[in-house]
Amino acid sequence: MPVDWYDPYTPVAENIDTVYRTVLLPPDGPKHAAERVWTEYTTTGILKYAEWAPQFMYLWWRLETETSERIRVARIGQKMAAEIQRRTPESVLGPLYGAMFIGFEALSRGVLNSLQIVPRMMEQAKEVVERQPGFLYGLAELMLARVLFKAPPFPMSRGDLTKSMAYIELARPYAEGKFAPWYLFLAEALHLTEQASELERLLDTWESAIKPTDKFTMMNLEITRIDMANLKAALADGSYDRYLWDAYLVPMDRRIIEQRYPVVRAKYR
């Protein structure tokens, strides 16, 4: 299929079930998509492909279950980000995806084992916030919020729950009603700041508040349904730990998505 079929910003109604079947469900679906789109970028230099490819790298990373493989995929993502930065320093894509995949390496290794790379991740995310606030649904703001509520406080690291909530609020105008991970990060932050009634209200209403407009926002909604269910379960059974537990590290069960889209049988090559 043509490479533009992978465009994450096409309308949500356009073959979304086929997208799940070809990208999320096959074992190497995200890897194939990332490689296909990245090759198009390195061949043509067209910047939109540099924006798309790391999004499929994220899916590839999410579907890995072994720590060593997660670290390997996160480092491939960092190399992609560095290449984007080298080719187009005027774009915020390089620092945005650099911060994202440094963060994924930190999660893969364990937050408490990765404190030395937190400053580098935060530096790149802050660059995006300064240069283009709210870019891609406030993704850089959300990354900063996440690292600030995951990292231990000073003097061990830079964790700060007050600043974390401030970054979540900065992302609100860009993400609320559209970008599902915003609700996931807000839920975790509300738990950590002991806002129980606000958390309960959010858990009851978040899904109905989101109106996806394209494949990107729809796929993030589907994945966040799984992540939010895992967070709720961890909070309920006491397994949640600020530093040791993370929704992104819980193996993502493709069967949950498959049950929602049982009809299509699409090939991905």
Count of the stretch 234-269 residues which are at pLDDT 90 or above, of a type in the set (D, E, K, R) and surrounded by 11 or more Cβ atoms within 10 Å (Cβ to Cβ): 2
Meets criteria (over 18 Å from the mean Cα position of the chain (by Cα) and among the hydrophobic types (A, V, I, L, M, F, W, C)) for ALA166: yes
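Name the residues in the stretch 153-184 that are more than 20 Å from THR213 (Cβ to Cβ) and either surrounded by 19 or more Cβ atoms within 10 Å (Cβ to Cβ) or in contact (Cβ under 8 Å) with a residue 60 or more places away in the chain (or both), would you? Step through it out loud before you land on a result.
Within the stretch 153-184, the subset more than 20 Å from THR213 (Cβ to Cβ) is 153-170.
Within the stretch 153-184, SER157, GLY159, SER164, MET165, TYR167, ILE168, LEU170 qualify.
From ARG72, ARG120, which residue is out of contact with any helix residue (DSSP H, G or I) (no Cβ under 7 Å at 6 or more places or on another chain), in a helix (DSSP H, G or I) and modelled with pLDDT of 95 or more? Talk me through it step by step, then tell me what you get.
Values: ARG120 fails: out of contact with any helix residue (DSSP H, G or I) (no Cβ under 7 Å at 6 or more places or on another chain).
Result: ARG72 is the single residue among ARG72, ARG120 that is out of contact with any helix residue (DSSP H, G or I) (no Cβ under 7 Å at 6 or more places or on another chain), in a helix (DSSP H, G or I) and modelled with pLDDT of 95 or more.
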Matching residues in the stretch 211-244 - criterion: being in a loop (DSSP other than H, G, I, E, B) and among the β-branched types (Val, Ile, Thr): THR213
Every pair of residues 6+ apart whose Cβ atoms lie under 8 Å, when the first sits in the stretch 1-27 and is surrounded by 14 or more Cβ atoms within 10 Å (Cβ to Cβ) while the second is at pLDDT 85 or above and part of a loop (DSSP other than H, G, I, E, B): VAL12/PRO212; VAL12/THR213
Complete set of residues in the stretch 89-117 that are more than 16 Å from the chain's Cα centre (by Cα) and either outside any loop (DSSP other than H, G, I, E, B) or surrounded by 15 or more Cβ atoms within 10 Å (Cβ to Cβ) (or both): SER91, VAL92, ARG109, VAL111, LEU112, ASN113, SER114, LEU115, GLN116, ILE117
Residue ID - farthest from PRO95 (Cα to Cα), chosen from residues in the stretch 31-46 that are touching a Phe, Trp or Tyr at 6+ places or on another chain (Cβ under 8 Å) and surrounded by fewer than 23 Cβ atoms within 10 Å (Cβ to Cβ): HIS32
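The values are calculated or read from the model by the stated rules, or taken from the named source; none is laboratory data. Please read all numbers here as calculations on a predicted model, not as lab measurements. Methodologically, a virtual Cβ is constructed for each residue, glycine included, from the backbone with ideal geometry; neighbour enumeration extends over all protein chains shown.
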